[in-house]
Every structure is written in structure tokens, then in C-alpha cells.
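What follows is a short report on a single structure.
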Amino acid sequence: MRHYTNVVPYTPKISPTLLIPLGFVVPDDKDGLGLMHANGHGVPRDEQQAVVWFRKAAEQGLAGAQHNLGVMYANGQGIPKDEQQAVTWYRKAAEQGGARAQNHLGAMYYNGHGVPKDEQQAVAWYRKAAEQGDAGAQRILGRKYAFGDGVPKDDQMAYFWLLLASAQGDQTAAERRDIAERNLLPEQRAAAQASARNWKPKTAAQSSNVPGGSRLH
């Protein structure tokens with residue numbers, strides 16, 4: 001990951017006319033400076049400086065900066081690659097309800113990068129991201145239900161999550177949705193479609209707490 005996608009404009013105080021990309025939460029100026037250096041917006045691209053500013057903001061508890069610092073560690077950008085550190089920072093952001101970080105933490109568990117491979121933990125974090133409306137996590141969760149990967153195989157649930165992801169323009173999810181639909185009875189398809197129409201995403205605050213009070217690890 002060399003650029004930060006799915007972004008919205010943000011105007012840092014240091015330059016009121018300059019728009020830069022940011023992550024999934026509004027940053028303070030330190031995270032904004034980190035993103036400027038990471039992507040070369042308004043300053044020469046400098047991944048080491050990006051890490052410096054991401055860390056300053058991350059250590060103050062900003063979830064977006066914690067996620068971004070995790071990305072830098074995961075990819076070895078501006079700092080030696082360290083998957084355990086990536087997990088540490090993804091977790092800090094994920095436990096604050098950061099959907100992107102929850103998705104990435106799920107991937108780390110699924111692949112055994114920086115943590116022992118644990119498919120149940122992977123699914124739990126993917127689900128938390130999917131419940132907030134992260135299309136990538138919804139697609140992954142749909143695929144898991146389709147193949148019984150870490151969850152019991154359930155074609156109706158697969159179709160439901162793929163419906164949600166494809167409604168956000170995820171083309172891969174749309175292709176898999178059509179495949180999943182062929183395995184459903186008409187009443188199953190109708191029920192999944194009704195659930196998708198009525199579905200509402202959770203907020204980051206709701207997603208920051210693990211159901212039942214147990215802590216994901």
C-alpha cells in the first residue's frame with residue numbers, strides 16, 4: 001500500500017488552501033503532516049518523516065494515525081518492516097472502532113503475520129469491520145460463509161454480505177454474489193435481500209466494544 005485510498009479532503013492549519021488525503025477518522029495536524037509526507041502532497045515525499053508524524057499522533061491516541069503507522073510497519077515504508085509492530089498499532093486503532101484497522105488486523109490473524117494464525121480471531125475482526133460498512137471486509141466475510149472458511153458454511157449469509165459489499169460498487173463481491181445466489185431457494189434469496197435492505201451499519205463507538213464484554217486478542 002503506497003497511497004491511502006477511500007479518502008476525504010482535509011485542510012491542515014499549516015496551509016489553509018492545501019487539501020490532503022486522510023484515513024478513516026479526522027486527524028489532528030500531526031497525522032495530516034504524516035499523510036502529506038507519505039504521499040508527497042505539498043512537500044517532497046519522505047516516508048521516514050511520515051513515520052515520525054504518524055507516531056507522534058498515534059502516541060496521542062489518534063486511531064487514524066495508529067492505523068497509518070501500522071501500515072508503514074506492515075509494508076516496511078520509512079521504517080524496517082515489523083509485522084508484530086504492525087499488529088500492535090492496528091490493534092490500538094481497531095479497539096477504538098477503526099474499521100480499516102479491524103479489516104487489516106483480521107488479515108494479519110488470517111495469514112499469521114505478526115501473530116499466530118487464528119481463523120476465529122480473523123473472522124471476529126473482519127465481522128466488526130463489515131458491521132461498520134467496510135466493503136472489503138463484507139466481501140471477505142461473504143466468501144468465508146460461501147466456503148465455510150472459519151465459519152459454518154452458509155449460502156444465505158454469504159449472499160447477504162456479498163449483497164452489501166456489491167451495493168458499494170465492489171465488483172468482485174458482485175461476481176461472487178451472483179454465484180452465491182444460484183445456491184439459494186427463492187425464499188432464502190428473498191429473506192437475504194430483505195435483511196440487506198433493512199441493514200444499518202454500526203458506529204465506530206459501537207464497534208469498539210466486543211460483544212459480550214470479552215476482549216479480542
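What follows is calculated from the coordinates using simple rules that are stated; it is not laboratory data. A quick note: this is a predicted structure, and the numbers were derived from the prediction, not measured. Cβ sites come from the backbone with ideal geometry, for glycine too, and all protein chains shown count toward neighbours.
Of note:
- Only aspartates and glutamates eight or more places from Lys117 in sequence, or on another chain, were considered; those with a Cα closer than 17 Å are Asp82, Glu83, Asp149.
- Between Gly97 and any residue 5 or more places off or on another chain, the built amide H atoms are never under 5 Å apart.
- The gain in end-to-end length when the Val52 to Ala167 segment is fully stretched comes to 37.6 nm, 0.36 nm per residue minus the alpha carbon separation.
- Subset of Lys81/Lys128; Lys92/Lys144; Lys128/Lys153; Lys56/Lys200; Lys92/Lys153 violating a 28 Å alpha-carbon distance limit: Lys56/Lys200; Lys92/Lys153
- Kirkwood hydrodynamic radius of region 134-198, Cα pairs, Å: 11.1
- Extension reserve of the Gln84-Phe147 stretch, reckoned as 0.36 nm per residue once the Cα distance is removed: 19.8 nm
- Volume per residue for region 68-217 equals 109 cubic angstrom (convex hull of Cα atoms).
- With a Förster radius of 41 Å applied to the C-beta separation of Ala174 and Ala205, the computed FRET efficiency comes to 0.85.
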